[in-house]
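Participant: Pasting a structure here, questions to come.
The values are calculated or read from the model by the stated rules, or taken from the named source; none is laboratory data. For clarity, every value in this text was computed on a predicted model and none was experimentally measured. Neighbour counts run over all protein chains shown; Cβ positions are idealised from the backbone, glycine included.
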Amino acid sequence: MRVLVFSAYFWPHKGGVEKYVEETAVRLIAKGHKVAIVTSLLQGTRKVESYKGIQVFRLHSWEVLKDRWSLPLPRSRRVLSGLGTYDAVITHTRFYPLSLLGAWFARKRKIPHLHIEHGTAHTGAKPFVYAINWLYDHALGWLVLRLASKVAGISRASELFAAHLCKKRTVLLPNAINSEFFVRVPSKKPFREKAIVFVGRLIEAKGVQDLIAATSNMTGVKAVIVGAGNYAGELRKRAHKNVLFLGEKDAGGIREALSFADVFVNPSYAEGLPTSVLEAGSVGVPVIATDVGGTREIIRDGQTGVLVKPRDVAGLRKAIEALLAGPNHAQALAQSLQAKVRAEFDWDATVQKLERVLNDMK
């Protein structure tokens, strides 16, 4: 089968959607399928290249919000017109104009179209921004889902959000990780304090500022921030002496940081099904996460981890202190989470189901 994937961002850009696209594409290719990806042309990337057996086509785009939201330019039509024939089109996340372009491409060429939704709610911390996003989701986002032959979600929460936007039956194609890779490895912690680790993009919506605030004036604790993004400068301004920024790391570097972590914290304001929580769980780290999106499909409060409210700095601090004060309880939570992640969130299982969905659309 020849599959064409539309993803607003892709390697070398980092993010949960990008990782999902890469992992599923590589495994489809291993099963004998041909996969090509249409994405945004960013600074330092090539218009056409091959990556891990994936043919990548990049469209000239205007980055309206750097690293967050890009708009394909009209001259990109020449690239689209030169694409070959495909048996299926996949789009990811209704919020990007490239998803609408993919839906239009599939409809014009009469190709079955699968849309995979990663979002779980309308976004925007400020009322004005939220209102704009709400209008976009219910107009252009709705259209992407409406045009799709089939709609899937990476979590139950994503399925519910997709159904909220467009009354269609959905299927679950869950986010996953390579649990054989994400295991605890020998790792030397570069300090004596307890390590409270975050891994992810440094954008405001990830809530890292709350982790920094929660660990302020805590003794014997170091907040370790792994990642890069356009909010890094602001986070450094807010940082105190117990914050350590490690920058962006590859998978091996992330595994090493998780291996010396005493507690992993994901203080995000919105999620689909957070990859970083799955990775921390697979390594065997106790996890504290905000109760947003599909996170509760991984974390059962008091059973496989600790859930806190988003933006609740005091609640986050209390949860960190409780896990550090009760190492036996923390370890029991970590072991339960590790078993759950390794049993339920496997890439091969997700791709096997994806393959069935694509075949059913023929």
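Participant: When you go through THR93, THR45 one by one, which is the residue that is at positive phi and of a type in the set (Ser, Thr, Tyr)?
Facilitator: Step by step, each of THR93, THR45 is checked, and only THR93 is at positive phi and of a type in the set (Ser, Thr, Tyr).
Participant: So if I check each of TYR51, TYR96, TYR86, which one is among the hydroxyl-bearing types (Ser, Thr, Tyr) and over 26 Å from ASN230 (Cα atoms)?
Facilitator: Criteria check complete, one pass: TYR86.
Participant: Name the single residue, out of those in segment 97-120 being over 26 Å from PRO74 (Cβ atoms) and hydrophobic (A, V, I, L, M, F, W, C), that is surrounded by the most Cβ atoms within 10 Å (Cβ to Cβ).
Facilitator: Ranking the candidates gives ILE116 first.
Participant: When the residues of segment 337-360 are narrowed to those that are more than 20 Å from the chain's Cα centre (by Cα) and buried (at least 17 other Cβ atoms within 10 Å of the Cβ), which ends up farthest from ILE29 (Cα to Cα)?
Facilitator: VAL357
Participant: Only one of (1) part of a helix (DSSP H, G or I); (2) charged (D, E, K, R); (3) touching a residue at least 40 places away in the same chain (Cβ under 8 Å); (4) more than 16 Å from PRO274 (Cβ to Cβ) fails for LYS340. Which number is that?
Facilitator: (4)
Participant: Test VAL35 against the criterion of being of a type in the set (A, V, I, L, M, F, W, C), in contact with a helix residue (DSSP H, G or I) (Cβ under 9 Å, 6 or more places away or on another chain) and buried (at least 19 other Cβ atoms within 10 Å of the Cβ), and give yes or no.
Facilitator: Spelling it out, VAL35 is indeed of a type in the set (A, V, I, L, M, F, W, C), in contact with a helix residue (DSSP H, G or I) (Cβ under 9 Å, 6 or more places away or on another chain) and buried (at least 19 other Cβ atoms within 10 Å of the Cβ).
Participant: Pairs under 9 Å by beta carbon, first residue more than 18 Å from ASP348 (Cα to Cα) and at pLDDT 90 or above in segment 177-188, partner assigned to a loop (DSSP other than H, G, I, E, B) and among the aliphatic types (A, V, I, L, M), six or more apart or different chains?
Facilitator: Short answer, once both residue conditions are applied: ARG184/VAL285.
Participant: Do you know which residues across segment 208-230 are in contact (Cβ under 8 Å) with a residue 60 or more places away in the chain and part of a strand (DSSP E or B)?
Facilitator: VAL221
Participant: Then there is this: Taking segment 231-257 on its own, how many of its residues are part of a helix (DSSP H, G or I) and modelled with pLDDT under 95?
Facilitator: 1
Participant: Limited to segment 281-309, what total is found for residues that are buried (at least 19 other Cβ atoms within 10 Å of the Cβ), assigned to a loop (DSSP other than H, G, I, E, B) and touching an Asp or Glu at 6+ places or on another chain (Cβ under 9 Å)?
Facilitator: Residues in segment 281-309 being buried (at least 19 other Cβ atoms within 10 Å of the Cβ), assigned to a loop (DSSP other than H, G, I, E, B) and touching an Asp or Glu at 6+ places or on another chain (Cβ under 9 Å): 7 in total.
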